[in-house]
Structure formats: structure tokens, C-alpha cells
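Heads up: the structure comes next, in C-alpha cells.
Values quoted throughout were computed directly from the atomic coordinates according to the rules given, and no laboratory measurement underlies them. What you are looking at is a predicted structure, and each value in this text was computed from that prediction instead of being measured. Cβ coordinates were reconstructed from backbone atoms using ideal geometry, including for glycine residues, and neighbour counts include every protein chain displayed.
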Amino acid sequence: MATDIWKKFEESNAEEENDLQSNEQKYLTFLIEKQYFAFSIYDIETIIEIQEIFPIPEFPDYAKGIINLRGLIIPVIDVRLRFHKPETEYNERTCIIIVAINKIQIGFIVDTVDEVVDIEPSNISNLPKIGGGSNPDMAKYIIGVGKAKGKIIMLLAADKILNEEELKAYEDMYLSDNAEQLS
């Protein structure tokens with residue numbers, strides 16, 4: 001499942017290199033509790049199937065722990081929990097999207113990966129400024145609302161899902177745990 005999406009993702013990148021004149025922006029869509037979200041494909045390193053996660057004591061509940069990916073220690077965040085959605089068991093459709101943020105890679109656990117879509121800038125609007133709601137903090141992660149293939153897609157800024165303090169802690173951990181592999 002994740003491998004098929006990754007092949008389409010790589011093919012999409014190859015097509016993008018051949019068509020630099022396009023105004024469309026490419027996003028990898030995924031689902032969290034039947035709602036579509038997306039990261040820009042330019043932030044994504046790879047997509048993998050769920051695998052063994054090693055918990056880290058005293059991490060927030062949404063920070064599930066770390067994985068070993070080809071010798072690199074990668075911290076993983078459960079997007080569902082970060083967005084204050086109910087926890088659910090991982091299954092064969094659960095994926096980890098590995099995203100590059102600054103100098104590090106972070107894994108984001110999602111219910112399922114959907115597809116790579118092209119979204120014209122004219123089909124992207126700002127998030128409405130409505131107070132209250134079940135998670136007003138979520139607005140800081142959403143950089144826009146896209147429309148593609150009949151779907152409404154919340155476009156996410158991967159680097160905003162964690163606050164500066166959390167990002168710094170992950171960066172320190174990532175760089176120290178992976179110093180040998182990164183040199």
C-alpha cells in the first residue's frame with residue numbers, strides 16, 4: 001500500500017521536473033478520521049508502512065516514540081492525536097509519512113495515505129477565521145484549504161505541527177542519535 005503510493009509520488013516528481021511551466025502545486029493527501037489533509041510533496045522524504053515504534057518516556061501522548069529507518073533514528077508523531085482526535089489502533093492501511101523539517105526528518109503517522117494531487121493556486125483559499133471550535137490551535141498548522149477532485153483538503157505546514165521547543169528537542173535528539181550516519 002505505502003509502496004504503491006510512494007511509486008506514484010516518485011512518478012509525480014519526475015513529471016513535475018519535465019513540466020516546470022505548471023502553476024499547479026503538488027500535495028500528498030492523507031486521511032485522519034475521514035477528513036483530507038495534505039503535505040506539499042516537496043517536504044516529503046518517503047512514505048512507509050507502520051512499523052515497530054519504540055516509546056520514549058515522558059513524551060507527550062501524540063509523540064509515539066522513535067523508529068529505526070535504514071539506520072536513522074526518526075521521531076514519530078501521531079497526527080490523529082496531535083489534532084486531538086480519538087486514538088485508534090494502527091492497521092494495514094496506517095502509514096508513516098517521513099517529512100524533512102529544517103535539518104531533521106520526522107515521521108507523521110496517518111490513518112491512510114490517499115494520493116498525490118495537483119492543486120491550482122486559484123483552488124486554494126485561506127482558512128476562515130472563526131473562533132471557538134473543537135481545536136482552535138489547529139488553525140496554526142493549516143496554511144490553506146484546497147479543492148481537488150471533488151475533495152476539500154486541509155493543507156498543512158509540517159514545520160508548524162510541532163512548536164519551537166518541541167522541534168528543537170527533536171532536532172537535538174535526531175542530530176545526536178544520527179551523528180554517525182549523517183557525517
In sequence order, calculated HN-Hα J values of region 60-68 (Karplus, 6.51, -1.76, 1.60; Hz; x Gly/Pro): x, 4, 6, 8, 5, x, 10, 10, 9
Backbone N under 13 Å from the Thr112 label point (7 Å along Cα→Cβ), restricted to region 51-92: 91-92
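Kindly rank 102-112, 73-83, 34-44, 162-172 from highest to lowest mean number of other beta carbons found within 10 Å of each residue.
Details: 102-112: 20.0, 73-83: 21.5, 34-44: 17.1, 162-172: 14.6.
Taking the mean over residues of other Cβ atoms within 10 Å, the ranking is 73-83, 102-112, 34-44, 162-172.
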Calculated from backbone phi, Karplus (6.51, -1.76, 1.60) coupling profile of region 93-102 in Hz, x at Gly/Pro: 9, 5, 10, 10, 9, 8, 10, 8, 10, 6
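Which length gain, in nm to one decimal place, applies between Lys151 and Asn178 when the Cα-Cα distance is subtracted from 0.36 nm times their residue separation?
Numbers: separation 27, 0.36 × 27 = 9.72 nm, distance 3.88 nm.
Residue separation times 0.36 nm, minus the Cα-Cα distance, leaves 5.8 nm.
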